[in-house]
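Everything on this sheet refers to the single structure shown next.
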Amino acid sequence: IYMLLNTLKEKVYEKKKLYIDKKYIQRKFYWSKRLFKPFSDIVYVIGCPEFSNLGDNAIMIAEVEFLKKCGIPSKAIECITEKEFLKDYKIISKLIGEKSLICGLGGGNMGNQYGSEEKVRRTMLECFPNNKIIIFPQTIFFVGENKETDEQESVKYYNGRANLTLIAREKESYRIMQKLYPDTEILLTPDIVLSAEMETFDVVPQKRKGVLFCLRNDVEKI
């Protein structure tokens, strides 16, 4: 009975391994086909949102438009979503050359409040140690009992990287970044959405009447 159980376990393991290998080959083929572009300089925007937050989606659109304004053809810009990258970063990192520019998404999620977005950035930094990486305008914030520990943990990823440029989108984040990451290039620039034109979002000019005032009731409230 014992030998029979062992034999069954081995067969189950072999089938599972075969299934995993097959899935890996399929994913590798998918990414090889998707990331192949007839351009020498390709820009990868990593961490694009897959949820309905209008602000984050506006940031992604504005970021891509900004890259186009810098002279990069739209066909040379590849957007990779947060879920895609976390699922297949081992495959993706092997297919992207060291000369390619990597762009992290702007927003308000650096720090210890949004684990998934922070994981994308840190994984990205580990996967592409020799690539030029730009993190578009971000707000950074640490909160809670483990604030100081989390801050020091972040230093391991962001400080002292010669190929990394961090951009703060307001003065408080700029101050925090300078304090925590003194050996990394840090810039101060407004939210990238402010670089976009109305046409970018298919907005029709209308006469303004009043101002929309919102009071938040979530983790970002004051």
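Nothing in this text is a laboratory measurement; each read-out follows from the coordinates by a stated rule. Nothing here was measured: the structure is a model prediction, and the numbers come from that model. When we count neighbours, we look across all protein chains shown, and the Cβ atoms used for this are built from the backbone with ideal geometry, even at glycine.
Details
- Linear extension gain, residue 222 paired with residue 41, 0.36 nm per residue minus alpha-carbon span: 60.9 nm
- Here the extension length gained between residue 171 and residue 30 equals 46.6 nm, from 0.36 nm per residue of separation less the Cα-Cα distance.
- (i) 45; (ii) 52; (iii) 59, with the label sought being that of the calculated percent of Cα pairs over 22 Å apart: (iii)
- For a label point 7 Å along the Cα-to-beta-carbon line of residue 187, residues of region 127-142 with backbone N under 13 Å: 133-138
- Amide H contacts under 5 Å for residue 101, placed H, 5+ residues apart: 42, 44
- Residue-by-residue Karplus 3J(HN,Hα) for region 43-54, coefficients 6.51, -1.76, 1.60, Hz, glycine and proline x: 10, 10, 9, 10, x, 5, x, 10, 10, 8, 5, 5
- Gained length - residue 50 relative to residue 204, 0.36 nm times residue gap less alpha-carbon distance: 52.9 nm
- Under 19 Å from a label point set 7 Å out along the Cα-to-Cβ vector of residue 161, the amide N atoms of region 26-47 belong to 42-47.
- The chain: calculated mean residue ellipticity at 222 nm from DSSP helix runs of at least 4, using -39500 (n - 2.57): -15000 deg cm²/dmol
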